[in-house]
Amino acid sequence: MNAIEVRNVCKAYQNFQLDHVSLTLPEGTILGLVGENGAGKTTLIRLILDLARKDVGEIQVYGKDDAMSVPSFRNEVGVVLDEVSLPPVMKAAEIGKMMGMIYSAWDQVVYDGLLSGLKIPQDKCFKDFSRGNKMKLGIACALSHHPKILILDEATSGLDPVVRDELLDILLDFTRDESHAILMSSHIVSDLEKACDYIAFLHEGKLLLSEEKDRLLEMYGKLVCSREDFEKISPEDIIGKRDTGYGMQCIVKRTDVTRGLNLQPVGIEELFVVMVKGDLA
Amino acid sequence: MKGFFYKNVIELLRQYRWMLAMVVLFLVVGLSQKNAAYWGVYAEMVFGSFAGTLVRSDEVSGWNQYVRLLPISGKTAVSSFYIVPYLMMGVTTALYTIAALIVRAYSHGTYLIFPTVYLMIVLPFLITAITIPITIWFGSVKAPVVQMILVVLMVATAMFALTNGADVIARLMNMNVVVFAAVSFAAVAAAVAVSWFLSVRAWESKKI
């Protein structure tokens, strides 16, 4: 079963439109959503979470239509949005106590362990937390009620590299259970490259592609070649190019022609920038 | 519901302690001064205003959005705005009544308990019932403007009724006090129920 299925979803605002987006998050996997500012990542996540009404299309979570509109189903979903909005005057322990009265499967032991492991301040009110600590507390709340699916919108931004690394390990551990899944959006593409099984590129409300990360990295390569060799490549296989003056730098699809040239591995970030801008920087 | 009750109590004790202090002050003034019984009504109004404060504070902090991700219904979320304020108003009324009876017994004064308690129930309960759905529906910026417009309309209506409905007022004055009070309290209870219903509808319609 797929954890999330989005089919032909559209959502129009005054100056922006999410346009016929379809993607799938299989169980036991992590899908990374990449896109520039204003691409529609948060809009898509809000539609999945039923925080906004879609104009057209279907969204299923574990096979159920509009699952998030059912309050009891939200026990299965852990969410961290880009702004963590917990009660400002409560302390971490009090927030845990409150959540324990709300979630049916709240695990205080897990929560206390995360507070300690992520070094979340115990003596300050939430409004006095730094952005990073607010994120960490949001993550602790999302993980402590044994959800089946995690949805993270820019959850690693504001975190130092050490904590980000620890968090990614926690997320990888989470998906060891084959029935779990994670949807995460981030500007820190290196985090997505490290953790994700699937990558989806959003640009100006449109889904450019949604593919297995390993397959994506196999499909494309980076090439530095002479103009003569560049002329041999079919234009359809060229994703982006730059004339250095001495030769050509380009990102291309791996084909019989390009495999004969000296193709280097390409990163997700490079690939995305080229797909959006059309040329190498 | 318990979680929200816990959260609202912590907010009251930590962020709005000044409200508790004001209530105590108003009650002391109301009980200690001969013709200041109406200060008890002011005390109730302070707790009544806490409901609107809760709604606005949740909106400003973003908690009202986060709540939509929790496994609770709109009815539970909205009920949390009613429980602590109305509970505090009920407790204040009960404590005031007991204190006023003691003061009257010891001072042998003509302390007006029943009219004060009547106003302590009718006015703040009614105003709170009006405030909550307006604040949920219009948000923290527009709600005060809407409330002001409503107050003006209500005062204008009351003035019109006073000047043009003299026979109705005379009949009300002649009505049995207990019946009058019972009808008023029933009307307030109905208003609170309608308010809750409208608040739930407003909350559920707030998706973008």
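For the reader, a short list of remarks on this structure follows.
- Relative contact order (%) - criterion: Cα under 8 Å, at least six apart; region: chain B: 26 percent
- Dipole magnitude of the stretch A:218-280 about its Cα centre (Cβ charges: Lys, Arg +1; Asp, Glu -1), debye to nearest 20: 60 debye
- Taking only the C-alpha atoms of the stretch A:81-144, Rg followed by Dmax gives 10.5, 29 Å.
- Amide H partners (placed H, <5 Å) of residue A:180, local residues excluded: A:28
- Protein accessible area in the stretch A:77-147, 1.4 Å probe - carbon and sulfur %: 52 percent
- Averaged over B:56-62, number of beta-carbon atoms from partner chains that fall within 10 Å: 3
- Protection proxy ranking of A:147-156, A:242-251, A:37-46, by the mean of other Cβ atoms within 10 Å over each peptide's residues and highest first, is A:147-156, A:37-46, A:242-251.
- Whole-Hz couplings from phi, Karplus 6.51/-1.76/1.60, listed for the stretch A:103-115; x for Gly and Pro: 8, 6, 10, 4, 10, 5, 5, 4, 4, 4, x, 6, 4
- Calculated P(r) tail over 29 Å for the protein assembly as shown, as whole % of Cα pairs: 61 percent
- Charges were assigned to the Cβ only: +1 to each Lys and Arg, -1 to each Asp and Glu. The resulting dipole of chain A about its Cα centre is roughly 540 debye.
- The mean number of partner chain beta-carbon atoms within 10 angstrom of a residue's beta-carbon across peptide B:1-8 is 5.
- Total charge dipole magnitude, the stretch A:77-147, about the Cα centre, Cβ charges on Lys, Arg, Asp, Glu only, Debye to nearest 20: 160 debye
- Between residue B:114 and residue B:151, the modelled labels are 3.1 nm apart [label points 7 Å from Cα along Cα→Cβ].
- Evaluated over the stretch A:151-281, the count of Lys pairs having alpha-carbon atoms less than 19 Å apart is 13 (only pairs 8 or more residues apart or interchain).
- Across the options A:223, A:158, A:268, the greatest Cα extent toward the positive end of the charge dipole of the protein assembly as shown (unit charges at beta carbon of Lys, Arg, Asp, Glu) belongs to A:158.
- Efficiency of FRET between residue B:38 and residue A:122 - r from beta-carbon atoms, R0 45 angstrom, step 0.05: 0.50
- Semi-axes of the equivalent ellipsoid for the stretch A:24-113, computed as √(5λ) from the eigenvalues of its C-alpha gyration tensor and ordered from largest down, come to 27, 17, 14 Å.
- For the Cα trace of the stretch A:218-280, dividing Rg by the Kirkwood Rh returns an Rg/Rh value of 0.92.
- Shielding by partners, peptide A:99-105 (average Cβ within 10 angstrom, other chains): 4
- Between A and B, roughly 2600 Å² of accessible area is buried in total, ligands, DNA and RNA not counted and the probe set to 1.4 Å.
- Probe 1.4 Å, accessible area per residue of the protein assembly as shown, Å²: 48 Å²
- For peptides A:271-277, B:31-37, A:65-71, sequence by mean Cβ density within 10 Å, most packed first: A:271-277, A:65-71, B:31-37
- Whole-Hz ³J(HN,Hα) from phi, Karplus 6.51 cos²θ - 1.76 cosθ + 1.60, for the stretch B:15-23, glycine and proline x: 9, 10, 4, 4, 5, 4, 5, 5, 4
- For residue A:202, nonlocal amide neighbours, meaning residues 5 or more places apart or on other chains whose placed amide H falls under 5 Å from its own, are A:34, A:35, A:208.
- Surface share of carbon and sulfur [accessible, 1.4 angstrom probe, percent] for the stretch B:1-205: 76 percent
- The stretch B:1-205: radius of gyration over Cα atoms, expressed as a fraction of 2.2 N^0.38 Å: 1.11
- Simple rule: put +1 on each Lys or Arg Cβ and -1 on each Asp or Glu Cβ in the stretch A:77-147, find the dipole, and look at A:101, A:113, A:135; the Cα lying farthest toward the positive end is A:135.
- For residue A:66, the residues whose modelled amide H falls within less than 5 Å of its own, excluding neighbours fewer than 5 places apart on the same chain, are A:59, A:61.
- Ranked by solvent-accessible area (1.4 Å probe, protein heavy atoms only, all chains present), the residues A:191, A:214, A:107, A:256 order from largest to smallest as A:256, A:214, A:107, A:191.
- Paired Rg and Dmax values of the stretch A:39-195, which use every Cα atom, in angstrom: 15.3, 47
- Per-residue ellipticity at 222 nm from helix content only, as computed over the protein assembly as shown with -39500 (n - 2.57) for each DSSP H run of at least four residues, stands at -18000 deg cm²/dmol.
- The stretch A:78-89 - phi-based ³J(HN,Hα) in whole Hz, Karplus 6.51/-1.76/1.60, Gly and Pro as x: x, 10, 10, 8, 5, 10, 8, 10, 8, x, x, 9
- Size of the stretch B:87-141 as Cα extents on the principal axes (Å, biggest first): 49, 17, 14
- Highest-MSF residue in chain A out of A:260, A:100, A:158 [GNM, Cα springs under 10 Å]: A:260
- Compactness relative to 2.2 N^0.38 Å, alpha carbon Rg of the stretch A:108-229: 1.31
- Taking the convex hull of Cα positions in chain A, its mean projected area over all directions (nm²): 16.6 nm²
The values are calculated or read from the model by the stated rules, or taken from the named source; none is laboratory data. Note that this is a predicted model, so its numbers are computed, not measured. A quick note on method: Cβ atoms are made from the backbone with ideal geometry, for glycine too, and the neighbour counts reach across all protein chains shown. The protein model used for the area step is the full one, side chains on, heavy atoms only, and it has no ligands, DNA or RNA in it. Shrake-Rupley method; radii C 1.70, N 1.55, O 1.52, S 1.80 Å.
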